[in-house]
Structures are given as C-alpha cells and as structure tokens.
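Student: For reference, the structure I am asking about is given below.
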Amino acid sequence: FQNEINEVPFFDVQLPYELALKIFRYLGKAELGRCAQVSRTWKILAEDEVLWYRLCQEEGYLLDMSISDHSCWKLTLKNCRARENMLKTNWKNRVGAVSQLRYEPGRVLCDVHCCDGVVMAGYTSGEVRLWDTRTWDYTAPVLAAVPGPGGAGAPPHVSFVRINSSLAVAAYEDGTVSVWSLLLGQEPIHHFQHNQRIQALALAPGGAALATASGFQVKVESPDDKGFWQTPGTFEIQKLVNFLNLVPDVTGSPVAVAAAEDIVYLLKAEDPARILHSVYGQPVTCLDVAAHEAAFGIKTFGWLLNEPNQILLYNLETNQCVTKVGNSIGDFSCVNLHSSPPNMLVAGNKDRRVRVFDVRRGEAACSVYGHQLGVSAVQMDEWKMVSGGEEGLVCVWDQRTGNKLWEMHARHPVRLVWFNSHSLITANIPEEKNPRGSSISEDDPSLHRKYRGVIYSYEFSVDQLAVDSVLPICRSSYDEVTGYNYNIGLAVPYDSI
C-alpha cells in the first residue's frame with residue numbers, strides 16, 4: 001500500500017526517491033548490480049539513468065554527450081567497455097587495416113603533421129596535401145599555394161607543415177609561409193615572407209597562433225577579433241633556433257618556447273625574451289611543451305666530467321626547474337610530454353632505447369631496447385608505447401611488461417608517430433630530397449618509389465568494416481596495385497566487377 005515510486009523502502013525507513021538516489025551515487029557498477037537484485041523498487045533505483053551516465057563520464061566515455069542522448073546508459077557503458085577491450089586486443093595482435101597515403105606524381109616527401117586523424121604533407125614539388133583518415137574514402141585535396149613573382153621558375157620545396165583543428169600552415173625553402181583555413185577552402189587566408197630560410201615552425205594546438213624562426217628572429221602571428229592577422233611579438237635571439245613550440249591553452253597573447261643551441265627562451269608578447277635555461281656548452285637536443293611545463297633534453301660533457309645526459313622539466317609559470325630525469329650516455333633525440341598521461345613523459349635516445357619517466361619520483365618507470373639506430377619519434381598512453389627509429393622501424397610496446405608487441409619497417413627514418421584509441425599514423429621521410437641518379441634529367445618528374453617516402457595509416461577498429469564502409473582494397477579494380485590485408489578477412493573482394 002505504499003507509493004514505491006516516490007518513497008523507497010530502506011529497510012524500516014521510508015526515504016524520498018531523490019535522497020535514495022544520492023545514496024546510490026556512492027556505489028560502483030558491481031554494487032549497483034547487487035542492489036538491483038534486492039527488490040523491484042531497488043532495481044528501478046539502481047538502473048537510474050543518472051547513475052549510469054555519471055559512471056560512463058567517470059570512466060572517460062562520451063564526455064561530449066548529455067544524458068538525453070541515450071535511452072539506456074547502462075547498455076551504453078557496456079558497449080563502450082566492450083569496444084575498448086576489442087581495440088586493445090586488436091592493437092596487441094595487429095588486427096586491422098593499413099593503407100598508404102601515397103602521392104603519386106613522383107616527388108619526395110618533405111614533412112608530415114597530424115591532428116585528430118587529419119594528415120598534412122608537404123613535397124619537394126611545393127604542393128601541400130591533406131587526408132582525412134577518419135573515413136575510408138581517402139581524398140587528398142591540394143591546398144593552393146600563393147603564386148610567386150611573375151610565376152617563373154620551379155616552386156620551392158616545402159620545409160615544414162603544421163595543422164590543428166582549424167588551420168594548416170606550410171613554410172617553404174625561400175622563407176615564405178602560407179596559412180589555410182580548414183573551414184573556408186583551399187585558398188590561403190594569410191601569407192608572409194621571411195628574408196632567410198625558416199629553421200622552425202610552430203602552430204598552437206588549440207588556437208590560431210603560429211610562430212616562425214628565421215635567422216636570429218622569432219616572429220609570432222595571430223588573428224585579431226575581426227580576423228585580420230597581426231604580429232603581437234617579434235623577438236631577437238642571440239643564436240639560431242633549433243626547436244620552437246607554442247604553449248597550448250593560453251588565454252590572451254600567445255606564449256612560445258624556443259631552444260637555440262644551449263639556451264631555452266620563454267617568449268611572451270608583452271615581455272622581452274626571457275631565458276628559461278642556459279648552461280654554456282650543453283646544447284638542447286629535443287623539446288616538447290605542455291600547458292604548464294616544458295621538457296627538453298640536455299647534452300652534457302659526457303664521460304669527460306662523468307655527467308650523463310638528462311631531460312629537464314621546467315614549470316612555465318614559476319620558470320623553475322621541477323625535476324631532472326634520465327641517466328644516459330647517449331643524447332636524447334625526442335621527447336613527448338603533451339600527449340603523455342599525467343605526471344609521465346616518454347623519451348627516445350640515440351642509444352636505441354625508449355624510456356618512460358615518472359616525473360614525481362624522478363626515475364625511469366620503463367626502459368625498452370629494440371631499434372637498430374637512434375629513436376626519432378615516440379608517443380605513449382596508459383598501457384602502450386609507439387616508437388619510430390632512424391632505420392625506419394616502427395615498434396609497438398606493452399608498457400607494463402616492456403615486451404615488443406609488433407613492428408613494421410620502411411626504408412626511411414620515422415619522423416612522425418601519432419595515434420589515438422583506434423588508429424595509428426606514421427611517416428617515413430627521406431633525408432635526401434634530391435637523390436642522385438634517380439632521374440634522367442632535372443626536369444623529369446619521375447622518381448623511383450623507394451626514394452619518395454611514405455605515410456602509413458593503420459585502423460584497428462573492425463566495426464568500421466561494414467557494408468557501407470568497405471575497405472579500399474575490396475573496392476579496387478584489377479587495374480590498381482594490390483595491397484596487403486593484415487589479418488583482415490576480405491568480405492566482398494572486387495565486388496564492383
């Protein structure tokens with residue numbers, strides 16, 4: 001005779017539904033499952049959408065959705081966990097599809113950058129291409145370049161490319177920089193020129209600011225509220241810049257971190273160039289910047305003074321060194337701080353080792369060895385590491401056990417490693433942009449495929465292999481070059497014939 005919808009029986013106490021729901025908020029998935037077996041009223045309470053929506057958000061699933069987007073959040077959480085386990089199994093066993101983002105007209109790959117599955121590549125022909133690997137129908141639109149004076153002469157090589165969620169930037173060998181908007185089309189929205197060759201290019205991960213280093217000058221560019229590009233800061237540096245990064249998630253004027261030989265600068269628009277770190281004769285070998293910290297490798301005097309090479313972690317708000325990690329004879333060649341888990345960073349070394357450091361303890365949590373030459377690119381998440389070497393080897397590691405899960409090899413050094421939960425993108429970029437003896441004449445655009453470099457895109461999400469999204473190899477004709485099917489069963493091969 002009681003109203004079990006508005007009043008919930010808690011043993012011998014009658015509680016309002018909202019108060020009982022607040023008590024159940026402290027329970028986990030297993031406890032809610034046990035409570036659902038007590039009575040019909042407790043089952044309704046334990047399966048309330050608010051509880052399971054909160055659990056789904058706490059585990060990091062569907063953070064951008066509201067509670068009204070799904071009718072059963074308990075089933076949604078179950079499906080998300082099943083998908084995560086499936087992706088983890090596919091990563092470990094290399095079950096998935098691999099595609100080459102190839103640009104055929106016979107030019108050499110110069111630089112590659114990636115943001116959320118959108119790949120940007122620059123070539124020796126001066127052309128810049130985009131691929132959206134989030135769909136199987138890969139297209140490579142050409143971003144139109146600004147025509148040179150008089151249109152005479154061959155276009156310059158592309159030096160650097162950078163891309164984020166809204167902008168794409170390319171720097172050329174003659175010192176020109178072009179900026180495109182990914183929302184407005186293929187024509188550049190901004191263009192400027194340096195007098196000398198550009199040594200470094202940086203683009204803010206989540207904003208519209210970019211920084212360039214040419215000669216002894218670092219210039220920061222950003223649009224104002226009306227979309228007109230301006231230069232909020234120009235800095236004169238004592239030495240040539242080797243590494244340049246923009247600090248992400250900065251409100252107001254952009255902040256840059258530049259490494260010039262053995263000096264690290266913190267560049268703010270309203271302040272003069274501030275020296276963050278400087279030790280004479282100890283050059284910086286790699287640099288990466290997160291929201292509040294900067295990590296860079298230092299090459300010390302080595303065995304002469306019994307000083308091993310280290311990675312220094314600086315706080316950008318206090319400008320103080322937080323910790324020093326690493327104890328290696330080899331030089332640290334790459335470091336990844338911005339995409340690593342909290343309080344962790346991963347670094348590659350010329351001694352062919354990949355090391356994961358816990359910055360709270362100041363020591364290495366994991367150290368693996370498996371490359372034939374120095375490590376050139378690294379990235380990690382909670383359970384795995386992906387590393388690329390100068391010999392062209394891409395290795396996937398299990399962080400907990402330190403075992404190599406699988407590897408892939410290409411001819412040229414690996415310069416880009418980027419992955420998320422379901423995809424992996426790697427780029428092998430040649431050192432030699434003009435190989436000798438590869439063409440009959442200088443004007444011949446043909447170049448042997450082995451000299452060009454290659455971009456690989458791996459997809460480990462097998463649920464995308466549906467009828468409406470068939471693999472490119474399944475849709476190909478007999479005229480095209482055949483590909484590999486890495487553990488993928490071809491359901492409808494050559495169905496269009």
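Student: Any chance you could look up the accessible area of residue 253 with a 1.4 Å probe, heavy atoms only, rounded to 10 Å²?
Tutor: Roll a 1.4 Å probe over it and residue 253 shows about 50 Å².
Student: Turning to a different aspect of this structure: How would 183, 101 line up by accessible area, probe 1.4 Å, largest first?
Tutor: Details: 183 145, 101 5 Å².
Greatest to least solvent exposure: 183, 101.
Student: As a test question: what accessible area, to the nearest 10 Å², does residue 251 have when a 1.4 Å probe is rolled over all protein chains in place?
Tutor: Around 130 Å² of this residue is reachable by solvent.
Student: Got a number for the accessible area of residue 300? Probe 1.4 Å, square angstrom, nearest 10.
Tutor: Residue 300 has an accessible surface of roughly 20 Å² with all protein chains in place.
Student: A further question on this structure: Tally up the carbon and sulfur contribution to the accessible surface of region 17-92 as a whole percent, 1.4 Å probe, everything protein left in place. Before the final figure, lay out each step's value.
Tutor: On the way: 2630 of 4740 Å².
The nonpolar share, carbon plus sulfur, comes to 55 percent.
Student: Please list, in chain and number order, the residues 5+ apart from residue 175 or on another chain whose amide H is under 5 Å from its amide H, with Hs placed from the backbone.
Tutor: 198
Student: So how do 407, 270 rank on accessible area, 1.4 Å probe, biggest first, that is with the largest at the start? Could the numbers behind the result be given before it?
Tutor: Details: 407 80, 270 130 Å².
Output order, biggest surface exposure first: 270, 407.
Student: Considering the options 258, 231, 241, tell which one lies farthest towards the positive end of the dipole of region 225-268, charges being +1 on Lys and Arg and -1 on Asp and Glu at the Cβ, about the Cα centre.
Tutor: 231
Student: If one computes the Cα centroid of region 53-69 and of region 210-282, what distance in Å separates the two points?
Tutor: With region 53-69 and region 210-282 each reduced to a Cα centre, they are spaced 39 Å.
Student: What shape does region 17-92 take by its C-alpha gyration tensor, where a ≥ b ≥ c are the square roots of the eigenvalues and a/c under 1.5 counts as rounded, a/b above b/c as prolate, and the rest as oblate? Show your work: numbers first, answer last.
Tutor: On the way: a/c = 2.46, a/b = 1.75, b/c = 1.41.
Prolate, since a/c reaches 1.5 and a/b exceeds b/c.
Student: Let me ask another. Beyond a 22 Å Cα-Cα separation, which of these cross-linked pairs lie in this structure: 299/324; 22/43; 219/239; 22/74; 88/450?
Tutor: On the way: 299/324 13 Å; 22/43 15 Å; 219/239 15 Å; 22/74 18 Å; 88/450 33 Å.
Result: 88/450 exceed 22 Å.
Student: Quick one: which residues, 5 or more positions from residue 277 or on another chain, have an amide H under 5 Å from its amide H? H modelled 1.01 Å from N in the peptide plane, none for Pro or chain starts.
Tutor: 264
Student: Next question. What ranking of 380, 344 comes out by heavy-atom accessible area, probe 1.4 Å, highest first?
Tutor: Working: 380 5, 344 30 Å².
Sorted by accessible area, descending: 344, 380.
The values are calculated or read from the model by the stated rules, or taken from the named source; none is laboratory data. None of these values were measured; they are calculated from a predicted model. Every residue, glycine among them, receives a Cβ derived from its backbone with ideal geometry; neighbour counts consider all protein chains shown. In case anyone asks, the SASA skips ligands and DNA or RNA and just uses the protein heavy atoms, side chains included. Shrake-Rupley method; radii C 1.70, N 1.55, O 1.52, S 1.80 Å.
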